[in-house]
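All of the numbers you see were taken from the coordinates with simple rules; none came from a lab. Computed from a prediction, not measured in an experiment: that's the story for all the values here. Virtual Cβ from ideal backbone geometry, glycine too; neighbours counted across all protein chains shown.
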Amino acid sequence: MDCKELLSAARAVAPAAYAPYSGFRVGAALLFEDGSVYTGVNVENRSYGLTICAERSAVTKAVGEGHRKIVAVAVSCPDARYPVSPCGACRQVLSEFSDPDCPVCFEDGEGKAVTTTLGELFPYDALHDLKET
């Protein structure tokens with residue numbers, strides 16, 4: 001599965017996001033090493049600290065079903081005027097289950113996309129080394 005297909009999966013779920021406060025819907029799709037794809041959406045709360053991002057929503061769903069190795073990430077933001085990458089908290093969580101060379105694709109509402117790697121988005125992942133000790 002390439003980034004275009006994964007972005008399509010993220011785009012398909014984004015309308016289901018619960019974003020009554022920001023009006024900023026996000027859909028995410030994660031590809032795992034066995035070929036399975038898990039999706040998630042952002043779920044806001046009037047207490048913003050309790051909001052969960054689409055990427056973390058997808059991670060928790062997949063981990064709850066036994067998946068541990070993400071091999072590609074896609075994020076679609078239909079309400080954005082430019083491609084929006086995963087936030088810092090999501091980068092940290094994604095790094096727990098993927099390698100720095102994991103492709104990350106993200107797009108805006110017009111379909112303009114950027115493709116990079118988690119290592120490019122999160123270059124100084126000092127905590128990643130803790131897994132190996």
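Things worth noting here:
- The residue of segment 23-46 that is farthest from D101 (Cα to Cα), among those that are touching a His at 6+ places or on another chain (Cβ under 9 Å) and crowded, with 17+ Cβ neighbours inside 10 Å, is Y38.
- Residue satisfying condition, being in contact (Cβ under 8 Å) with a residue 24 or more places away in the chain, surrounded by fewer than 22 Cβ atoms within 10 Å (Cβ to Cβ) and under 12 Å from the mean Cα position of the chain (by Cα), within set P20, P83, P103: P103
- Failed item in (1) buried (at least 19 other Cβ atoms within 10 Å of the Cβ); (2) more than 24 Å from Y124 (Cα to Cα), with G49 passing the rest: (1)
- If you go through segment 15-44 and pick out every residue that is part of a strand (DSSP E or B) and over 16 Å from A74 (Cα atoms), you end up with 2.
- Complete set of residues in segment 51-80 that are in contact (Cβ under 8 Å) with a residue 40 or more places away in the chain and of a type in the set (A, V, I, L, M): A54, I70, V71, A72, V73, A74, V75, A80
- Near pairs, Cβ below 8 angstrom, 6+ apart or cross-chain, from segment 1-15 (within 20 Å of D34 (Cβ to Cβ)) to any residue that is among the β-branched types (V, I, T) and in a helix (DSSP H, G or I): none
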